[in-house]
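Values in this text are rule-based calculations from the coordinates and carry no lab data. Since the model is a prediction, treat every value here as computed from it, not as a measurement. Note that each Cβ is placed from the backbone with ideal geometry, even for glycine, and that neighbours are counted across all protein chains shown.
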Amino acid sequence: MTRGTVARRACGLALLGLGAGGALPAHAATQVTIAVVSLDGDARHVARRMERAYPGHPTGRAVDGVKLAADDSAFELDAAGLVLDVKDVVLPNAAALPKVLAELKAAKVQYVVADLPLAELQQLVQAAPAALGGAVVFNTGLDDDRLRAQQCAAHLLHTYPSRAMFSDALAQYLAARNWRKALVLQGPLPGDALQAEAFNRSAKRYGIKITQHKPFKLTGDPRERDLGNTRLLTGEREHELVAVMDSDGEFARTVPYATQWPRPVVGASGLVAAAWHPQWERNGGPQLSRRFFKLAQRPMQGHDWAAWVAGRAVAAVLVAAPKAPVTQQLKALRGGAVFIDGFKGPRLSFRAWDGQLRQPLFVSHVDGVVGTAPLEGVLHPKDVLDTLGVDQQESACKTPP
């Protein structure tokens, strides 16, 4: 047994009111299953793509984070007579989803972590209530704001931050540094447009002026090569920073230190907002990152943290209400009655209006964290974490909590 394990065990005994020589009551543990559903051939998980490790892109599958959460929660769940079992479910294709859901229903699975592309996630969310007879679905990989707005669902919770949250975190930092004039470079992909939409909203919210908005394009066509020329794209001098909207990530990586004028690069590369950073040095972050690396043999990134905290959320609600039906557990989670320690400082909880986990975000570069958002001085009438993303009065989600 490692020293860290001994310390966690001693802490757990103290919380239960037992001394080091005390004995835990004998009981037969009840197994609770979390299904991690992913898609074979998911373009996000192609080995070559994950090796490139573009900021904000997954570098592995969500099942690793959920397995770590089950291990981290084992002691407190054991005290409640429970044990978490992680079931790795890989869909051969989207057409297999109904059969897989029928199998999960037969196994009485009511907690699903979705590690899926947008179309497959939407299909799962739509089918889950009828197919599983009630279930909680966690989105741990997609930042699409529409999933928290027009396409929200009462049983869908989001542990991965929304695109609006990422943009607000970055805009707060830029405003705090008084970097107010941004040149925006936007790619041709639909994801690039969504990033630009979120950045425009955040820029307006925090007083960032967009001096120019220019398209970029990576292409072998000589007629369009100027659209990929970083020095030409950044030639005007009025801007104080370059914001790159690149959901793919390939172009953004070429921009830092390649601009015409000495300007910081933010957005998809350079200075970015992140759900987790392996160099986070506070609140138990190093210990969590080390445990994940030992399990998965790779650094913990934002998607991994989102999967881990989804598992921790299930554990937290099981400990808080072990005998409650899943509908009541979902209500407790989405209503903010259950808090989670995410190793980021404050206790975390879900927003009632859109199911998003409120959480601090890291403003970081490849080598470390330069700040956390919400930044000091940013205020909110109820919870300062709600300054990141869409607040209740702005929400387009019409699903009742």
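Taken as Cα centroids, the range 236-255 and the range 292-363 sit 33 Å apart, rounded to the nearest whole angstrom.
Rg then Dmax, both in Å and based on the Cα atoms of the range 164-274: 12.9, 41. Packing, as the average of other Cβ atoms within 10 Å across residues, places the peptides 220-233, 158-171 in the order 158-171, 220-233, highest first. In terms of the mean number of neighbouring beta-carbon atoms within 10 Å, the peptides 364-371, 242-249, 92-99, 308-315 order highest first as 308-315, 242-249, 364-371, 92-99. Relative contact order of the chain, taken over Cα pairs closer than 8 Å and 6 or more residues apart, is 19 percent.
The helix-based estimate of mean residue ellipticity at 222 nm for the chain, built from -39,500 (n - 2.57) per DSSP H run of four or more residues and divided by its residue count, is -10500 deg cm²/dmol to the nearest 500. Principal-axis analysis of the Cα atoms of the chain puts helix 190-206 at an angle of about 90° to the longest axis.
Expressed as a fraction of 2.2 N^0.38 Å, the rule-of-thumb size for a compact globular protein of N residues, what is the C-alpha radius of gyration of the chain?
Numbers: Rg = 21.8 Å, N = 401, 2.2 N^0.38 = 21.5 Å.
Working it through for the chain, the quotient is 1.02.
Charged neighbours of LYS87, selected by a Cβ distance under 12 Å, balance to -1 (K, R count +1; D, E count -1).
Along the charge dipole of the range 114-182, which of GLY133, ALA169, HIS155 sits closest to the positive end, that is, farthest toward it, with unit charges on the beta carbon of Lys, Arg, Asp and Glu (+1, +1, -1, -1)? Result: ALA169, furthest along the dipole toward the positive end. Taking the longest Cα principal axis of the chain as reference, the axis of helix 3-15 is set at about 60 degrees.
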